[in-house]
Amino acid sequence: MGTRKILCVDDEKQIRELFKKILESHGYFVSTASNGTEAVREVHEDSELALVFMDLNMPGMDGLTAIEEIRKTHQVPITVITGYGYPEDKERCKTLNCDYMSKPVNIRDLVSKAEQYAPLR
């Protein structure tokens with residue numbers, strides 16, 4: 001069995017806490033970051049991450065910039081979760097080899113995505 005560690009990145013504390021609670025209730029180990037700078041640091045410091053859920057619209061370093069920085073050295077699976085479904089963002093995510101989900105996210109879809117990259121069985 002691979003690692004069950006997931007990083008959830010969102011500038012909204014309620015969303016980070018909700019995702020953390022949901023994923024931990026399904027057996028995952030979850031860390032959080034509130035912006036792109038923290039996300040890049042976390043990915044560089046934790047080589048056991050199985051998946052990153054990344055918001056796009058955040059203050060400071062946004063999600064796409066963070067993904068570009070992460071991709072320079074790491075190929076950890078990243079799923080973008082955003083409330084802004086701009087076609088150019090979706091296309092950029094494809095280019096950066098990321099999955100894409102729109103908010104609001106269905107809990108089953110969130111857990112299913114986690115199971116895809118970090119199976120518990």
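Values as computed for the structure displayed
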{"read-out": "Glu42 being in contact with a Ser or Thr (Cβ under 7 Å, 6 or more places away or on another chain), under 17 Å from Pro119 (Cα atoms) and surrounded by fewer than 19 Cβ atoms within 10 Å (Cβ to Cβ)", "value": "no"}
{"read-out": "Answer residue from the range 37-68, given it is in a loop (DSSP other than H, G, I, E, B) and under 19 Å from Lys103 (Cβ atoms) and is farthest from the chain's Cα centre (by Cα) among those", "value": "Pro59"}
{"read-out": "Pairs with Cβ under 9 Å, 6+ apart, first in the range 70-87 and within 20 Å of Arg4 (Cβ to Cβ) and of a type outside the set (A, V, I, L, M, F, W, C), second assigned to a loop (DSSP other than H, G, I, E, B) and at pLDDT 85 or above", "value": "His74/Ser47; Gln75/Asn97; Pro77/Asn97; Pro77/Cys98; Pro77/Ala118; Thr79/Cys98"}
{"read-out": "Qualifying residue in the range 49-64 (condition: touching a residue at least 40 places away in the same chain (Cβ under 8 Å), out of contact with any helix residue (DSSP H, G or I) (no Cβ under 8 Å at 6 or more places or on another chain) and under 14 Å from Cys8 (Cβ atoms))", "value": "no"}
{"read-out": "Any hit, the range 25-36, residues being of a type in the set (Val, Ile, Thr), part of a strand (DSSP E or B), modelled with pLDDT under 95 and surrounded by 18 or more Cβ atoms within 10 Å (Cβ to Cβ)", "value": "no"}
{"read-out": "When residues of the range 95-104 are limited to those that are without any contact (Cβ under 8 Å) to a residue 40 or more places away in the chain and among the hydrophobic types (A, V, I, L, M, F, W, C), the one surrounded by the fewest Cβ atoms within 10 Å (Cβ to Cβ)", "value": "Leu96"}
{"read-out": "Restricting the range 105-121 to residues that are touching a residue at least 12 places away in the same chain (Cβ under 8 Å) and in a loop (DSSP other than H, G, I, E, B), the residue that is surrounded by the fewest Cβ atoms within 10 Å (Cβ to Cβ)", "value": "Arg121"}
{"read-out": "Members of the range 64-94 found to be surrounded by 11 or more Cβ atoms within 10 Å (Cβ to Cβ), among the polar types (S, T, N, Q) and under 22 Å from Gln116 (Cβ atoms), listed by number", "value": "Thr79, Thr82"}
{"read-out": "Conditions (1) in contact with a Ser or Thr (Cβ under 6 Å, 6 or more places away or on another chain); (2) surrounded by 15 or more Cβ atoms within 10 Å (Cβ to Cβ): number failed by Ile15", "value": "(1)"}
{"read-out": "Positions within the range 1-12 being at pLDDT below 95 and surrounded by 17 or more Cβ atoms within 10 Å (Cβ to Cβ), in sequence order", "value": "Arg4"}
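The values are calculated or read from the model by the stated rules, or taken from the named source; none is laboratory data. Bear in mind the structure is a predicted one, so any value in this text is a computation, not a measurement. Because the Cβ atoms are built from the backbone with ideal geometry, glycine has one as well, and the counts that use them run over all protein chains shown.
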